[in-house]
Amino acid sequence: MKIDLKKITVSEVAENYKDSAEDGVVGYNGKLNIRPKYQREFVYDAKQRDAVLETIRKGFPLNVMYWAVNEDGTCEVLDGQQRTISFCQYVAGDFSINIDGHPMAMHNLTQPQKDQILNYELMVYVCEGNDQDKLDWFKTINIAGAELTPQELRNAVYTGPWLTHAKSIFSKTGCAAYGLSSKYVTGKPIRQELLEKALKWKSDGHVEQYMSAHQHDPNANELWTYFQNLIRWVEQTFTTYRNEMKSVDWGPLYDNNKDKMFDTAKMESEVADLMQDADVTKRSGIYTYLLTGDERYLSIRQFEERDRRAAYERQKHKCANGTHCRTPGNSGGQRIFTIDEMQGDHITPWSKGGKTLAENCQMLCLACNRDKSDL
């Protein structure tokens, strides 16, 4: 990987500066992508923005910036987007700053004052390398203070026609993917969270490998088709919408069950029953439970301390498994346990109608309870 430190003036970066809002921000005479399409909106407030200009006017050092070289020879800002937009907006005449008690736009300045800003030299590290080199470098920069999300880091590496199309679907405010899935999927499009979620589901968690393999595809139709089919499957399988559906990890459930036939009326009845079950403490887990049979997704209510204590005393401090106790060295189930060495357990399992009530509580040693949980 090649990294060069260059001195580039404000005037050079601000040349032909153009802000097209969510369609991107460019500068450096069209050679610098200051904000990749839909990556992030300008977030500096007026005080932070003005501080950038004050630093430049006084000739103080501005924090170093980082650019990455794209395959076509253009560059993309990795770190320094907010600072760059601040001084470019000022040079373009978009706002005024306070100088000697007066609001002064760029066109109000004397020529020496203008030159002081335009000739200011920025310290810019420019990176060239393969995808893995740049990704490793981007992650290091991120740790050092850049506010990029993991998906924004990936986007900086795997630029190309595939990513441009994918962003137009998943990363724009009011985008098609958000309109389709906002009831079922969390995440802000503008911060790449919706795109990341779709990629994780489609790639079974191997996001970078998927993006690398498809970087030069002409479009992202495969990902978009997968995502649309997934959302439609959710709607058709669980016919009554509930807010809890938005917190479900739908990808693996769709992949493992998309070809199965379900009795949707029966499914809805089971959902409704579980929603009313006082022992179910994690209602968003109901959907995963119904498709996997794994009770752990429900976080079944634990016995209260008083119920555990009553069962512990009733059992004379011994494991309810008696002679079948699995604790090593426990001959005949006669070992005496402290209450902290035991856990409350349903005598009649919850799955068979047992409730989390005092009369259905027994105490098992940790080994026996663990064995029962693994069954």
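Just so it is clear, none of the values below were taken in a lab; they were calculated from the coordinates. Nothing here was measured: the structure is a model prediction, and the numbers come from that model. A quick note on method: Cβ atoms are made from the backbone with ideal geometry, for glycine too, and the neighbour counts reach across all protein chains shown.
Given 37 °C and 0.692 mPa s, compute D for segment 20-117 with the Stokes-Einstein relation, Rh being the Kirkwood radius over Cα pairs; round to the nearest whole µm²/s.
228
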>> So, R0 is 25 Å and r is the distance between the beta-carbons of Gln276 and Asn256; what FRET efficiency does that work out to, to 0.05?
In response: 0.40
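Can you work out the FRET efficiency for the pair Gln209 and Lys2, with r the C-beta to C-beta distance and R0 = 22 Å, to the nearest 0.05? Don't skip to the answer; put the middle values down first.
Numbers: r = 25 Å, r/R0 = 1.13.
Efficiency computed from Cβ-Cβ geometry: 0.35.
Could you give the Stokes-Einstein D for segment 239-298 in µm² per second, using the C-alpha Kirkwood radius, 10 °C, 1.306 mPa s?
Translational D for this selection: 133 µm²/s.
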> Which whole-percent values make up P(r) of segment 161-235 when all C-alpha to C-alpha distances are grouped in 5 Å steps starting at zero?
Replying inline: 3, 17, 30, 28, 16, 5, 0
> Can you list the lysines whose alpha carbon is less than 21 Å from that of Lys188, not counting same-chain residues fewer than 8 positions off?
Replying inline: Lys37, Lys167, Lys172, Lys197, Lys200, Lys202, Lys246
> Along the Cα-to-C-beta direction of Ala21, a point sits 7 Å from the Cα; which residues of segment 180-204 have their amide N less than 19 Å from that point?
Replying inline: 189-192
>> Whole percent per 10 Å bin, from 0 to the bin with the longest distance: what is P(r) over all C-alpha pairs of the chain?
In response: 4, 18, 19, 16, 15, 13, 9, 5, 1, 0
>> Modelling each spin label as a point 7 Å along the Cα-to-Cβ direction, I'd like the Ile347/Asp133 distance in nm, to one decimal.
In response: 7.1
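For the chain, what's the relative contact order in percent, using C-alpha pairs closer than 8 Å and at least 6 residues apart?
Details: 542 pairs, mean separation 41.1, N = 375.
It comes to 11 percent, rounded to a whole number.
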> Per the Kirkwood definition applied to all pairs of different Cα atoms, how many angstroms is the hydrodynamic radius of segment 180-329?
Replying inline: 18.6
> Which whole-number percent of Cα pairs in segment 305-373 have a distance greater than 14 Å?
Replying inline: 53
>> Using a Förster radius of 41 Å, what is the FRET efficiency between Gln236 and Lys372 based on their Cβ-Cβ separation? Nearest 0.05, please.
In response: 0.65
> Where the convex hull is taken over the Cα atoms of segment 267-332, what is its projected area averaged over directions, in nm²?
Replying inline: 6.4
> Working out 0.36 nm times the residue gap between Gln116 and Thr186, then minus their Cα-Cα distance, what length gain in nm do you get to one decimal?
Replying inline: 20.5 nm
